[in-house]
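A short worksheet on the structure shown next.
The values are calculated or read from the model by the stated rules, or taken from the named source; none is laboratory data. This is a predicted model, so every value here is computed, not measured. Don't worry about glycine lacking a Cβ; one is built from the backbone with ideal geometry, like all the others, and counts go over all protein chains shown. Only protein heavy atoms, including side chains, enter the accessible area calculation; ligands, DNA and RNA are left aside. Shrake-Rupley method; radii C 1.70, N 1.55, O 1.52, S 1.80 Å.
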Amino acid sequence: MNRPTPRANIGVVGAGVVFDAYALGLAWYGDLPVVRVADIDVGRARAKAELHAIPAYGTPEELYADPDVDVVVNITPPVAHWEVTRDALAAGKHVYSEKPLAATAELARANLDQARAAGRVLAGAPDTFLGTAGQTARAAVDRGLIGTPFAATSFVRSPRVETKHPNPGFFYQPGGGPTLDWGPYHVAALVNLLGPVAEVVGTSAIPTPRIAVTAPDRVVDEVEVTVPTTTASILRTVSGVIVSTLYSFDIWDMTLPHIEVYGTEGTLNIPNPNHHDAPVLIKRRTDADWSELPPVLPPTCDPAVRLFRGHGVNDLVESLSGEPLRVSGEFALHVLEVLEAIEQSTFADGVRAIKSTAVQPAPVAAADSASA
Ligand SMILES: NC(=O)c1ccc[n+]([C@@H]2O[C@H](COP(=O)([O-])OP(=O)(O)OC[C@H]3O[C@@H](n4cnc5c(N)ncnc54)[C@H](O)[C@@H]3O)[C@@H](O)[C@H]2O)c1
């Protein structure tokens, strides 16, 4: 069988739950082969290598030293992101990191400074706003279909990880929690639509300090909660849009929308920003009812696949040939700084100014021409 010439060889560090979504997504491209997988638990790396017919596996150090690896995909838990990214950059690799870029904005900034000094690209998740929903909503805002946006809402409820993930401790520790674990999808989607954030004020709570793990294949029975599991905030974007957020792992269910954007001429209802492809709804001042916006892109993956990752890695690889980098490290750092401000904000502290800025990512080319 003829295989396409690889545009870049991928090495993946972290052979856990999300690995299969990356293996699937990168295989979908055909020319972004995973040539090596590594984990501090080499047995896990071997199991994923066998499952996905990946030619090499081993320790992270062996992966960094492998001259065949061009881009390192860092899908370790958030607390390990900074260290893995640092070591991969030091070995001369480009890096795509899962979210958040690091467990703190300070560590993420150190990674970015290192990447700039080394002339390497550092990019980061989430990449879901590159999908049909994110791009269709972006085209609607850019074309003025809802007039001038002035407000938005963004709500996260519990994804019930402790009922599904065998070792969910990191979801409740620094770098996790609803704000840093799910918030990246929401804030990246909002910055894609409305531009960067200027100010944040908020407050938070930890209603249940210990969580029972009920996943059938659990390796722990209980996890300690060390980050807020409910946060509420108000953001103000540089362009003046007011955004109200409620991010919670404690709310068991809700009927509130994932994201809505309110403009002077209408409202956009945006689906779960953890996924690439789903309908975006619009209701304009003169509309009797909601209607579905025609997608500006074809579906970016098989609609039957719940979890698909790899478009961000492709975005990084395309940027190596001069295309715009949408999932840039600067964008991921800005999202992280906003989320950190939401998580740490107290009413007593008052409003926090966001130091970093980020340009709105360029629309995906096909979506841009469709909306022209
Ligand atoms: N699980 C999901 O559905 C999901 C979805 C999207 C994004 N993510 C993100 O992907 C990342 C990984 O999540 P996961 O659920 O796969 O985690 P996981 O705990 O299942 O797997 C992480 C793997 O990384 C390994 N590891 C830990 N520290 C390491 C280090 N220093 N060097 C090398 N390997 C190391 C662990 O041994 C483990 O095999 C997180 O940032 C998470 O936010 C997860």
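Below are the figures for this structure:
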| item | result |
| --- | --- |
| Residues that are surrounded by fewer than 16 Cβ atoms within 10 Å (Cβ to Cβ) and not charged (D, E, K, R), drawn from the stretch 309-343 | LEU320, SER321, GLY322, PRO324 |
| Pairs with Cβ under 7 Å, 6+ apart, first in the stretch 179-203 and in a helix (DSSP H, G or I), second among the acidic types (Asp, Glu) and open to solvent by 20 Å² or more (accessible area, probe 1.4 Å) | THR179/GLU343; LEU180/GLU343 |
| Unique match (being on the phi < 0 side of the Ramachandran plot, assigned to a helix (DSSP H, G or I) and open to solvent by 10 Å² or more (accessible area, probe 1.4 Å)) among ARG116, ARG120 | ARG116 |
| Any hit, the stretch 150-168, residues being among the polar types (S, T, N, Q), away from the ligand (no atom under 16 Å from the Cβ) and touching a residue at least 40 places away in the same chain (Cβ under 8 Å) | yes |
| From the options THR229, THR267, residue that is within 16 Å of the ligand (Cβ to nearest atom) and either β-branched (Val, Ile, Thr) or not assigned by TED's automatic domain parsing to the domain that holds THR132 (or both) | THR229 |
| Residue within the stretch 179-196 that is touching a helix residue (DSSP H, G or I) at 6+ places or on another chain (Cβ under 9 Å) and over 27 Å from VAL73 (Cβ atoms) present | yes |
| In the stretch 286-299, the residues that are more than 22 Å from the chain's Cα centre (by Cα) and touching a residue at least 40 places away in the same chain (Cβ under 8 Å) | LEU293, PRO294 |
